[in-house]
Amino acid sequence: MRPAAYSVMLALGLAACSGSAGLDAPDAGRTVTYEPGVPNFDMESIVRLEEDDSAVVDVYLSIPMLSLIFLKRDDRFVATYEGAIRLVSRDVGGAVVEEALAESLAVSTYDSTLSHHAHRTRTTLRPPPGEYVVEASITDLESGSTVQRRQAISIQPSTSTELFLGRPLLEARTDEGNFEPVVRLHMPARSDSLRASVHLFNLDSTTPAEVVMRLLSFRSDTTVASPPFWISPTRASLQYRGVDYGTTDTVQVSRRRLEPVDRTAMVQFELPRLSPGIYRLELEARSGQDEVQRRHRVLSVKNASFPSMSALDDLIDALTYIAFDDEIEYILDARDPMERKRRFDAFWGSLVTNRNLAANLIRLYYERIEEANLFFTAYKEGWKTDRGMIYTILGPPIYIDKRVDVEIWHYSYGDRDPANTFVFERAIRHGNDPFENYILQRRPYYQYEWSRAVDRWREGEVL
C-alpha cells in the first residue's frame, strides 16, 4: 500500500462512512470503511459480573496498524497515539468514569507498518448502575487526526428483577488456541472456530431460562460494477439495494436451557466457518414471566486475505476492468492451477514486454484494488463498487464535492467537462443497515474517455 495514496485522498476530503447511524444500533462503534490518514478503530463494550458480583464494563478496541502513522527512529518504526475511554451518563450527562489511553507501537520492518493486523486493547471500567454511553477517542500524535466511537450500554442495579441480555461478543480462535475478540465489522473468511458469548442478568430464581441463537445469511449483491457508460441499475434491483433483508437463509439455530441456580449466566455458542457474505447473529432470551430480550449483530465476511488479494482466482476476477472477456475466459479455462497461473502471468506480459515494467504495472493495479477495498467496502468488496471501479482505473479525483446524498468526483478543473465528472448517488438505506451504497449515474458520453483510460492501462502508460 502506498502512503501517498492516503495523503492524496486525505487532501481531497474523501471521508468514508465509519460507523452505524444510530447510537443504539447493534453495529454502532465499528468502522464500515476507512478514511485515509485517520486512526480508524473498532470498539465493543461488554458488561459482565466479577466474582464479587460487581458489574464491570470491558471495552475492547481494535486498531489496524495501517491506520496509524509510523516514523523511522533508529532501526525501528514507531507510531504513538493517545486518547480516552469514558462513560457518559445518559440520565444526567457528564463523564462518570474515564481512563486515559497512551501508547507507542514499535515494529522492525516497514512492511509491518502496512499490515492489516490489528493492535488490540482491553480496558475495564467499574461504574455504578445506570444508563451510559461509552465514548472512546484516539488521536494519532503524528497526523493529529482524531476518531471517536460511541456505544450505548446499561448496567443493572443489584436490586433489579427484570431480565437483561447484554451485547454479544464475537470471538475467534487464534493459532495458539486462545480466543480473541472479533471487534471489526468486516472479518476475513479464514476465521476458524468462531463463537458468540453473551451475558444474562437478573434471571428468575424459580424458573429455567432459555436462550436461542439464530445465525441468518442474506442475499447480497456480489457483482462487479459495470462500465460507466452502461445502464444504471434500477432502485428495485439488488445492485442498488445491496442487501435483500427480506430473503434469509438459516445457517444455524442453537438453544440453551439454564437451570434456576444463579441470577447471572454467560452462554456461549459455537459458530461454523463462514464463507463470504452478509450474516446476522440473533439472540433471544426468556426467563419466567419477563418479556423476551433480543440482541443482534451483523457480520460482514470477506475473502481470506481482505482487504488485500492473494488467491489466484481473486486476482483473475479483478482483471475484469482491463481485460476482455475472452482473455479472462482463456485464463480460467486452464487445465490446472499451475497452467492458470502461467496464463495469468502471460496476460500481464502481453501488455508490457519489459519484465520490470510489467511487475510495476501489476503492483500498481492491485494497490488500487486494495485501496478501493479500504475506502469503499460495504456489503461487497470496495473494488467491486461503482466508486471502487472509477478509483481503480482513474485513480483519486482532483477534487470532490460532497453533499448530503451525493458525491461528485472531478477529474479535471473544468466544471463544464461532463466526461470527466462522475456523480454518485447514495442509495436508500434499510433501517439501521450499517452499509452505504453509492450508485454512479451512468452516461453514454463516458465511453470514449473510459476506453482511453483502459487502453492506458493495457499499454502500460499509467506508470
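The values are calculated or read from the model by the stated rules, or taken from the named source; none is laboratory data. Worth saying up front: this structure is predicted, and the values here are computed from it rather than measured. Neighbour counts are summed over all protein chains in view; Cβ atoms, including those assigned to glycine, are modelled from backbone coordinates with ideal geometry.
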Practice prompt. Look at Thr80 and say whether it is surrounded by 16 or more Cβ atoms within 10 Å (Cβ to Cβ) and assigned by TED's automatic domain parsing to the domain that holds Val38.
Written response: yes
Fill in: Selection count where residues are surrounded by fewer than 17 Cβ atoms within 10 Å (Cβ to Cβ), assigned to a strand (DSSP E or B) and under 19 Å from the mean Cα position of the chain (by Cα), scope segment 202-225
1
Discussion item. Criterion first (in a loop (DSSP other than H, G, I, E, B) and in contact (Cβ under 8 Å) with a residue 24 or more places away in the chain) does Glu135 satisfy it?
Written reply: no
Discussion item. Looking only at residues that are more than 18 Å from the chain's Cα centre (by Cα) and aromatic (Phe, Trp, Tyr) in segment 417-439, which one is surrounded by the most Cβ atoms within 10 Å (Cβ to Cβ)?
Written reply: Phe422
Item to complete: Would you mind telling me which numbered condition in (1) without any contact (Cβ under 8 Å) to a residue 24 or more places away in the chain; (2) more than 24 Å from the chain's Cα centre (by Cα) Asp175 fails?
Response: (2)
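Quick check on my filter: what residues within segment 319-354 are aromatic (Phe, Trp, Tyr), more than 19 Å from Trp450 (Cα to Cα) and surrounded by fewer than 16 Cβ atoms within 10 Å (Cβ to Cβ)? Talk me through it step by step, then tell me what you get.
So in segment 319-354, the residues aromatic (Phe, Trp, Tyr) come out as 321, 324, 330, 344, 347-348.
Still in the running and more than 19 Å from Trp450 (Cα to Cα): 330, 344, 347-348.
Selection gives Tyr330 alone.
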Worksheet entry | Residues satisfying the stated conditions in segment 83-106, i.e. over 21 Å from Arg126 (Cα atoms) and crowded, with 16+ Cβ neighbours inside 10 Å | Leu105
Fill in: Subset of segment 226-247 (residues that are outside any loop (DSSP other than H, G, I, E, B) and not β-branched (Val, Ile, Thr))
Leu238, Gln239, Tyr240, Arg241, Asp244, Tyr245, Gly246
Item to complete: Hey, could you check segment 36-86 for residues that are in contact with a helix residue (DSSP H, G or I) (Cβ under 8 Å, 6 or more places away or on another chain) and among the aromatic types (Phe, Trp, Tyr) and say which is nearest to Val147 (Cα to Cα)?
Response: Phe41
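Is segment 42-63 home to any residue that is of a type in the set (Asp, Glu) and buried (at least 17 other Cβ atoms within 10 Å of the Cβ)? So that I can check it myself, show each step before the final result.
Going residue by residue through segment 42-63, those that are of a type in the set (Asp, Glu) are 42, 44, 50-53, 58.
Now restrict to residues that are buried (at least 17 other Cβ atoms within 10 Å of the Cβ): 42, 44.
The answer is yes, given that some residue of segment 42-63 is of a type in the set (Asp, Glu) and buried (at least 17 other Cβ atoms within 10 Å of the Cβ).
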Discussion item. Which of the numbered conditions does Thr121 fail, given that it passes all the others? Conditions: (1) part of a loop (DSSP other than H, G, I, E, B); (2) within 17 Å of Ala79 (Cα to Cα); (3) in contact (Cβ under 8 Å) with a residue 60 or more places away in the chain.
Written reply: (1)
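Within segment 355-365, which residues are touching a residue at least 40 places away in the same chain (Cβ under 8 Å) and surrounded by fewer than 18 Cβ atoms within 10 Å (Cβ to Cβ)?
Leu357, Asn360, Leu364 - these are the residues of segment 355-365 that are touching a residue at least 40 places away in the same chain (Cβ under 8 Å) and surrounded by fewer than 18 Cβ atoms within 10 Å (Cβ to Cβ).
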Worksheet entry | Close pairs (6 angstrom Cβ cut-off, 6 or more residues apart or separate chains): part of a loop (DSSP other than H, G, I, E, B) in segment 43-57, surrounded by fewer than 21 Cβ atoms within 10 Å (Cβ to Cβ) anywhere | Glu50/Val56
Worksheet item: For Arg120, all conditions in the list (1) farther than 30 Å from Asn202 by Cβ; (2) modelled with pLDDT of 95 or more hold save one; what is the number of the exception?
Response: (2)
Worksheet, complete the sentence: Ile153 fails exactly one of (1) touching a residue at least 40 places away in the same chain (Cβ under 8 Å); (2) in a loop (DSSP other than H, G, I, E, B), namely (2)
Discussion item. Could you tell me how many of the residues in segment 137-162 are modelled with pLDDT of 90 or more and in contact with a strand residue (DSSP E or B) (Cβ under 9 Å, 6 or more places away or on another chain)?
Written reply: 17
